[in-house]
Ligand SMILES: Nc1ncnc2c1ncn2[C@@H]1O[C@H](COP(=O)(O)OP(=O)(O)OP(=O)(O)O)[C@@H](O)[C@H]1O
Ligand SMILES: [Mg+2]
């Protein structure tokens, strides 16, 4: 029955009773076909007794139900994907490297993408800004492999702290260097010095530091071996074999790499304390690596009290020789100066026979110290016995004074300037590794030679024991520095070489 124009009264049965609903004619709930429309005009479309209409309605209901289900399924899939993403984000926060270790910081999960992203970025920035000293490597410790996994190929060298061999990793066929640590001076088990060598090397991951692959053990507790990348040469053996010294461009390439590696070590609070040409390895690709961390140690600011008996004599700084027990990275910079001098002439620069002679040779090159060039040197323990010549004015103007040009005739002014700064008696006048890298010497012509253009040399280590010209050994670890009498440095007394001439003046000042 029609009521009014715009609506139809529909009778429908709900439960037992009958209800009357008002439905708009073109209600979107029931889109009407024209056929059905025609039927409805004569008779109620919802009449119970019309099976055709009921079939259509049932069909529409099924379609509607299908649509509802599809929509619900789509919604469920969306939620599932969201949950998955959230779980992934949480995992990433906990183990950025894919480790399943504990989270370093909890990442807040929030719907507010912008604010949570900003918070995460802030945490990341804070973590990056933390000093590296506070970070400890995790997950790198585990049971060591046995040395039997390596086949020894040939012996390379016996040093003060180890026997080094060339060896092959049996499982991979890779050639490595195997250094057996000499631990016999450690009655109480594993010596702290051996641990220091391992710990500092493990922390010192840099392209100019020898790569420690792993530590392996023999049958006994004190059978400890360092497995390192193998390098064909050490700089000392190379200089001994070469007919001519390196070219200026090659010297720059070598120096930049040593100082680059050292700058990294110092930035990690590691002092090497035994820099010398035999501890600098080179491969046939012109790459240089700092090796031998037997003397290396962490230091602090202010520097702790440290042993004075460090650094092989010829590369040892004047403050160490004069008995300083508080010293810093400047001792490594002095050694760099000695290495620079050795690269220029192929010969070690300051070859003292003992500590007193070493000091004598140093002063012969640099001129004796005075209160302007090295304020406070008098307070060092061994300086008390030092008798200086009455006129101890610097041999050249400037602070630090320039080294005598006659000793380094082929060096440019910038080069001589850098060498003089590195070999400044006063540690405070020496450049830091960073300052050294920025020195104009490296920017003037000839420029450093590209590493790939570096000459290659036949390897001694690859075939036979390296032939070594005599050089003094690194100091024995754990020993006390000897009592020294420097009275003779300028007077031809006990330790010094009487009558030594150098740097344009005579040391015997009588
Ligand atoms: N990774 C390496 N690849 C090739 N040769 C190496 C390697 N490591 C060391 N050597 C060689 O073995 C020598 C001795 O090694 P190292 O300096 O580590 O031992 P050391 O006993 O501490 O020496 P030192 O006499 O300076 O105290 C080096 O001078 C070098 O010739
Ligand atoms: Mg060595």
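The values are calculated or read from the model by the stated rules, or taken from the named source; none is laboratory data. Every value quoted in this text rests on a predicted model; they were computed, and no experiment measured them. All Cβ positions, glycine included, derive from the backbone under ideal geometry; neighbour counts span all protein chains shown.
In the list 183, 153, 195, which residue meets the criterion of being part of a loop (DSSP other than H, G, I, E, B), away from ligand 1 (no atom under 11 Å from the Cβ) and surrounded by fewer than 19 Cβ atoms within 10 Å (Cβ to Cβ)? Even if it seems obvious, please write down each step before you answer.
Values: 153 fails: part of a loop (DSSP other than H, G, I, E, B); 195 fails: part of a loop (DSSP other than H, G, I, E, B).
That would be 183, the only listed residue that is part of a loop (DSSP other than H, G, I, E, B), away from ligand 1 (no atom under 11 Å from the Cβ) and surrounded by fewer than 19 Cβ atoms within 10 Å (Cβ to Cβ).
Does residue 252 satisfy being within 15 Å of ligand 2 (Cβ to nearest atom), at pLDDT 95 or above and surrounded by 19 or more Cβ atoms within 10 Å (Cβ to Cβ)? Even if it seems obvious, please write down each step before you answer.
On the way: within 15 Å of ligand 2 (Cβ to nearest atom): no; at pLDDT 95 or above: yes; surrounded by 19 or more Cβ atoms within 10 Å (Cβ to Cβ): yes.
Considered against the rule, which asks whether it is within 15 Å of ligand 2 (Cβ to nearest atom), at pLDDT 95 or above and surrounded by 19 or more Cβ atoms within 10 Å (Cβ to Cβ), residue 252 comes out as no.
Any idea which of 174, 241 is surrounded by fewer than 21 Cβ atoms within 10 Å (Cβ to Cβ) and either farther than 25 Å from residue 473 by Cα or within 16 Å of ligand 2 (Cβ to nearest atom) (or both)?
Details: 241 fails: either farther than 25 Å from residue 473 by Cα or within 16 Å of ligand 2 (Cβ to nearest atom) (or both).
Just one listed residue meets the conditions, 174.
Determine which member of the set 286, 260 is within 17 Å of the chain's Cα centre (by Cα), more than 16 Å from ligand 2 (Cβ to nearest atom) and farther than 26 Å from residue 381 by Cα.
Values: 286 fails: within 17 Å of the chain's Cα centre (by Cα).
Only one candidate passes the filter, namely 260.
Looking at 116, 186, which one is more than 16 Å from ligand 2 (Cβ to nearest atom), under 26 Å from residue 276 (Cβ atoms) and at pLDDT below 80?
On the way: 116 fails: under 26 Å from residue 276 (Cβ atoms).
186 is the lone residue from the list that is more than 16 Å from ligand 2 (Cβ to nearest atom), under 26 Å from residue 276 (Cβ atoms) and at pLDDT below 80.
I want to confirm something. Restricting to region 276-291 and keeping residues that are farther than 10 Å from residue 312 by Cβ and assigned to a loop (DSSP other than H, G, I, E, B), which single residue is nearest to ligand 1 (Cβ to nearest atom)?
This residue is 291.
Residues are listed down the side, and each one gets a yes or a no for (1) over 24 Å from the mean Cα position of the chain (by Cα); (2) surrounded by fewer than 18 Cβ atoms within 10 Å (Cβ to Cβ); (3) assigned to a loop (DSSP other than H, G, I, E, B):
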residue: 274; (1), (2), (3): no, no, yes
residue: 295; (1), (2), (3): no, no, yes
residue: 308; (1), (2), (3): yes, no, yes
residue: 344; (1), (2), (3): yes, no, no
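Look through region 208-233, keep the residues that are at pLDDT 95 or above, under 18 Å from residue 174 (Cα atoms) and not in a strand (DSSP E or B), and return whichever of them is farthest from ligand 1 (Cβ to nearest atom).
Among residues in region 208-233 that are at pLDDT 95 or above, under 18 Å from residue 174 (Cα atoms) and not in a strand (DSSP E or B), the one farthest from ligand 1 (Cβ to nearest atom) is 211.
From the residues in region 234-266 that are over 28 Å from residue 328 (Cβ atoms) and assigned to a helix (DSSP H, G or I), which one is nearest to ligand 1 (Cβ to nearest atom)?
Let us first name the residues in region 234-266 that are over 28 Å from residue 328 (Cβ atoms), namely 237-250.
The next check asks that each one be assigned to a helix (DSSP H, G or I); those that pass are 237-241, 248-250.
On the way: 237: 6, 238: 10, 239: 12, 240: 11, 241: 12, 248: 25, 249: 25, 250: 20 Å.
The extreme case among them is 237.
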